[in-house]
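Note sheet for the following structure.
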């Protein structure tokens, strides 16, 4: 029987929901399970309600789904909130010191701090670990790998805390192993080669490292911070200058200074932070300084919902800054795409000397996927596209060329002087008010788009290519929409998927080709007005017959997409 | 000493008699005496008449946007510590638009020179008040006079432990040259504010007005630039007497020396390989 189990771990901030999710998910993955988990949290340090949903299957997963089969309730609110989602054979594992009594009709496994850690006053701190052990006990998964992972997780808190957690996990395992449960993983075997459990933003950070990033500057802001932290933790090891900036304006200008001087540079932000960066975005374009910008959007306007998700900044990223200038916008749909597109972003930025965006959101940032090693390349090629060899005469940083790309040299690295200017400038970089030069320079910059568009495509397609029903989506919505399409085909409704991950310059021909013959075009986006649909119409003249939109701060689920299709029918 | 012609840029578009000419002359003289070649030098400027400064020189140039000279200069210095990096900014650029970056630069202490063109007015936009305009000064936008006190940026710099703080005067080129030379060779963040009269839009703080007030600090009998409290007093002295010279000098490790990302050498010269399997090892 196919395995597809949803485990929801809920509690207040500070109760250790996050602390146990990763060890639990990893233990299940190492046992042979395919794991996908999402995080839903509030903008606070203690209290409130947060939960993670770990989905476990015996086939690859790229999406969360609705429903709960195992509810781990570290407090009473978790039971109250998520009880309606519990499936008929669902079970609640709960902390008896927090949840006095389960509502009638619910199957439960109560864990009391006294049972888990006899004689330890602070026993309640390890109920989360006890629950982890209990999950493995129920599913008949060996405990030992989890104990190793818990050791790593709590090592920094000292031997005593590690001991408590191991004891609690073991006791939870024993209590649960005596219980019958509908799903058993006893027959599963570990994968022949180790799999990887990685989140979207971790993969972006790794992609940057693999691409040779040497300079990172940023100001903390959810959900972008994950990339910044992941790079900061590896800065010394890989010789990366990671600098926390005084504000987002400084972050982008620091990165431009470093890039101008020759380093591969990355900055990033979210929502309002990008509002602050837009002036220097134009500076990057005007000075033709390569730059990779991670723009992790969140629901707005203004502060909006800081820890939730949205695809509402597509229009902003495409249009930010004054006047016309070339840029590239990439929007990954999985961690593996996040890795590959980040590496690509650096090469595009260097080749075309312009800003390249990675447009992400909380849904991708905090979604953790099981990937195989083969989902990532063996190595990443670096193309710095710098001019080499001796120059001829006076160096012109902005030499007029047929493809718009001027030979790039670095200051202090040769006899040439490198002069860059935010004013309109002559080919040698000095400011000018010669309006004829202005026209030539403006056209030169825009000419770079012609080459750039040739390098983009990046469509993910699935389903029969001649299916009349075509679902279009972009960025982080890939997983849920792809699963909706798969379910449609399983239920004998032919449907195809077209997912865009390389959004600008718009891959017009590739998209037109993929949409050919579609009788019913559905666009699914996590925003309120269908921003990609507008872009599609602008670029191809085609537009969706139906929009499936969501703007409540939570990501799509396959079920939501399917309901959206039905509502329309 | 290198020939001065080495630094000859295009003809300046400043007003005749502008205080910026004295700065340009002193700066070139300092470069020549220190034998800093144009190729070694990067001047980062912003917007305003000061923003044009590097165009009138021969050097590597990044003429960025208003207020943002310091982060660009800091990024470039971290990338290539062998560059001699100078940020050229006006009082509006540095003390107004880019104030937060100035606070950060004092704390970071990159080994760069900040040269502040202070003419106490927004000249490029035709004479509005700047953060350093004196109270009561009437402008087009403040016809009844400025009603807020000026920013004492040098006093703030001393209070925050900026490693090197000085004031020069564009009307005393020989003295200003010495200050530029010390700033360019000082290891750490050197903040040099230069009184630089605007001959068109500031009819109060003229060359003559300054000449009647300025004096050279280092000639004072109690000169103690290592003494924070003494320096603070001098940094706040303004009005009848205006001190020139190095006000505060207290070296400490530079940003490049303490930054973990540069511990193994500058990334531009030393690239650390990132093998894929090593990168992915944390995730299995």
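Details
- Note on chain B: Cα-Cα pairs beyond 35 Å make up 17% of the total pair count.
- Longest to shortest principal axis, alpha-carbon extents of region A:394-544, angstrom: 68, 32, 28
- Where labels lie 7 Å past Cα in the beta-carbon direction, separation of residue A:384 and residue B:140 in nm: 4.7
- Dividing the Cα radius of gyration of region A:150-240 by its Kirkwood radius returns 1.13 for Rg/Rh.
- When shorter helices are ignored and each DSSP H run of at least 4 residues is given -39500 (n - 2.57), the per-residue value for chain B at 222 nm works out to -8000 deg cm²/dmol.
- In the protein assembly as shown, the ratio of gyration radius to Kirkwood radius, Rg to Rh, stands at 1.04 when only Cα atoms are counted.
- Taking the longest Cα principal axis of chain B as reference, the axis of helix B:69-79 is set at about 30 degrees.
- Label-point gap, in nm, between residue B:185 and residue A:97 - each point 7 angstrom along Cα→Cβ: 6.8
- Ordered by the count of other Cβ atoms within 10 Å of each Cβ, fewest first, A:101, B:33 give A:101, B:33.
- Pairwise label distance in nanometres, residue B:241 with residue B:13, each label 7 Å out on the Cα-Cβ vector: 4.3
- Note on region A:84-123: percent of Cα-Cα distances in each 10 Å bin, starting at 0 and stopping at the bin with the largest distance, equals 28, 45, 21, 6.
- Peptides B:201-211, A:214-224 ordered by packing proxy, namely the average of other Cβ atoms within 10 Å per residue, highest first: A:214-224, B:201-211.
- Cα pair count fraction exceeding 27 Å, expressed as % - region A:35-174: 20
- Likely footprinting exposure, A:94, B:223, fewest C-beta neighbours within 10 Å first: B:223, A:94
- Acute angle (nearest 10 degrees) that the helix A:200-210 long axis makes with the longest principal axis of chain A, alpha-carbon atoms: 50
- Scattering from region B:139-284 was approximated by placing one identical point on each alpha carbon and applying the Debye formula without solvent; log10 I(q)/I(0) at 0.13 1/Å stands at -0.70.
- Among A:275, B:198, a tally of other beta-carbon atoms within 10 Å of each Cβ gives an order, fewest to most, of A:275, B:198.
- Average other protein chain Cβ within 10 Å of Cβ, residues B:36-45: 3
- Antiparallel content of DSSP bridges confined to the protein assembly as shown, in %, to 5: 30
- Between the helical axis of A:144-154 and the longest alpha-carbon principal axis of chain A there is an angle of about 60 degrees.
- Within 10 Å of each Cβ in B:267-278, the average number of Cβ atoms from other chains: 6
- Protection proxy ranking, highest mean first, for peptides A:395-406, B:21-32, A:362-373: A:362-373, B:21-32, A:395-406, where packing is the per-residue count of other beta-carbon atoms within 10 Å, averaged.
- Taking the square roots of 5 times each eigenvalue of the Cα gyration tensor of region A:459-568, largest first, gives ellipsoid semi-axes of 19, 17, 12 Å.
- Counting Cβ atoms of other protein chains within 10 Å of each residue's Cβ and taking the mean over peptide B:75-88 gives 6.
- For region A:459-568, DSSP calls about 20 percent of its internal beta bridges antiparallel.
- Working from the Cα coordinates of region A:198-375, the gyration tensor eigenvalues give, after taking √(5λ), semi-axes of 21, 19, 15 Å in decreasing order.
Each value in this text was obtained by applying a stated rule to the coordinates, not by laboratory testing. Treat the numbers as computed from the prediction; the structure is a model and nothing was measured. Using ideal geometry, Cβ is built from the backbone for each residue, glycine included, and neighbour counts are taken over all protein chains shown.
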